[in-house]
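The numbers here are math on the coordinates, done by the rules we state, and not lab data. Source: prediction; values computed, not measured. We place every Cβ from the backbone using ideal geometry, glycine too, and count neighbours over all the protein chains shown.
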Amino acid sequence: MSHNDTIVAQATPPGRGGVGILRISGLKARDVAQAVLGKLPKPRYADYLPFNDVDGTPLDQGIALWFPGPNSFTGEDVLELQGHGGPVILDLLLKRILTLPGLRIARPGEFSERAFLNDKLDLAQAEAIADLIDASSEQAARSALNSLQGAFSARVNHLVEALTHLRIYVEAAIDFPDEEIDFLSDGKIEAQPERGDGRSRRRPR
């Protein structure tokens, strides 16, 4: 399947509920808005509108949210339709959207995948979404949320930066032995990892 396709999926759990959400991402999201809503909503504003069938009769009414790319979760144009959570209503609306050319049902996790491919999330953050959804305890949920907000990635990036500086320093000491640098006993060697990550500790003496 191509990542250039426009995808649609139900964002709320299947079954009966007060609210049901359909999410569309891709180049054709704009066409969905024009066809189903009759207009393109103002970006990042909640607009209360009817959701229309092919013949123009309303299937439902609810809130439409328009997020033009790249300022969206996936980095693409994203349309979110928040209607009533009845399975029949959502199924009718989904079928209506799929009558438009160039749209298909999203694969599981494909919205997060597109966010990763468009540099909206790194791999750790993308995996943290699934961890947060599947969390079975408060501690697991908080840990996943920290990763989603970039805390884990920031620690890794700082450590990588510190190790890169350390490698450069060691390579310089090896390449220029006449300078008589005792790089193993130099305080810079021990300080670099600690600056990269607050949890690092100096090696024992």
Once label points are set 7 Å from the Cα along Cα→Cβ at both R44 and L98, what is their separation, rounded to one decimal in nm?
3.3 nm
Which one of G83, L37, T12 is farthest out on the positive end of the charge dipole of segment 1-151, using unit charges on Cβ (Lys, Arg +1; Asp, Glu -1) and the Cα centre as origin?
L37
Loop-only check: which trypsin sites (Lys or Arg not before Pro) in segment 26-101 are DSSP coil with at most 13 other Cβ within 10 angstrom?
K39, R44
Using θ = phi - 60° and the Karplus curve 6.51 cos²θ - 1.76 cosθ + 1.60, what whole-Hz ³J(HN,Hα) does each residue of segment 59-75 get, with Gly and Pro shown as x?
8, 6, 9, x, 9, 10, 10, 10, 10, x, x, x, 8, 8, 4, 8, x
